[in-house]
Amino acid sequence: MPGLSLRLLMAAGLSLLLLPLGLVINPELGLGPLVGLWLGGTLLGGWGPTFRVLLWGSGLCALLVAVVVFTPLTRVLAEGLVVNEAPQKADLIVVLGGGMHCGAGELEASSLARLEKGLELWRAGHAPRITLSDTVGEIFGDARCPSLGRVAAQRVQALYGDEGPEILFLPQMRTTRTEALAVAELVQARGWQRVLLVTTPAHSRRAAGAFRRLGLEVLSVNSSEPRFDRALVAPADRLQALTPLTREYLGLLVYRLRGWL
């Protein structure tokens, strides 16, 4: 077994593998938590038993990366998350919130893809109105982050002016669950029936399940997937898909445990 100084040096290197794992689980992790994660792993490596745990953990992380890169596992996992249905005439198009670039105050790629699909459905005459999620900044890790829905509405106004769709804001949105609750309340109050639910493919199973759990008649209509090529042929795409797929399967587990699916 290596001495203390050598163990700490090796632990510092092995702990770097914890950083991408942390970002897979939570891409919004800031510099402080990442440094804390690395320092924690390094200090734990100074003790023999925890050093062995760190060593085995690093090996398992390396094995996970190899499986993701060299096997079709990622494609199988991705296909298990998709619920995509043909759109029909409806009362409402629900464009679920995605992500924000808080510093620039701009919609992240998945938000743009969802908004684009929602507007496409509106232009095709499937429904006369859309909902946008008036989010709170804390969900993106920055209380100063502008509302996703308000930024999206500005884009719609710039494109269509007064000729655009009727926009309804879902206030104080934080999660898919709060979006489902707000839409259920809105549909009941207005006497509407069918809803077209627009989100990215990997998010569609959890989203559709959460809305249907509340008794809503929902057709899940997928937007494009801007974060990676859905064919998942290239190793780089498989690695890029790992974060959203991991988060969605964890999300499914949490929603089931809470009775939201």
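Just so you know, all these numbers are worked out from the coordinates, no wet-lab data involved. Fair warning: this is a prediction, and the values are worked out from it, not measured in the lab. Note: ideal-geometry Cβ built from the backbone for every residue, glycine included; neighbour counts use all protein chains shown.
Using only Cα atoms, what is the ratio of the radius of gyration of the stretch 74-213 to 2.2 N^0.38 Å?
Values: Rg = 14.6 Å, N = 140, 2.2 N^0.38 = 14.4 Å.
Taking the Cα Rg and dividing by 2.2 N^0.38 Å, one obtains 1.01.
Only Lys, Arg, Asp and Glu count, each charged at its Cβ (+1, +1, -1, -1), so figure out the dipole size of the stretch 166-261 about its Cα centre, rounded to 20 debye.
On the way: 14 positive and 8 negative charges, 74 e Å.
Taking the Cα centre of the stretch 166-261 as origin, the dipole is about 360 debye.
Rounded to the nearest 5, the antiparallel percentage of DSSP beta bridges internal to the stretch 51-193 is 20%. In this simple spin-label approximation, Ala109 and Ala189 carry label points 7 Å from Cα along the Cα→Cβ vector, and these lie 3.6 nm apart. Multiplying the residue separation of Val35 and Ala124 by 0.36 nm and removing their Cα-Cα distance gives an extension gain of 27.1 nm. Rg and Dmax, both from the Cα atoms of the stretch 157-254 and both in Å, are 16.0, 48. Once the chain from Arg150 to Val136 is taken as fully extended at 0.36 nm per residue, the excess over their C-alpha distance is 4.0 nm. Here the extension length gained between Tyr160 and Ser224 equals 20.9 nm, from 0.36 nm per residue of separation less the Cα-Cα distance.
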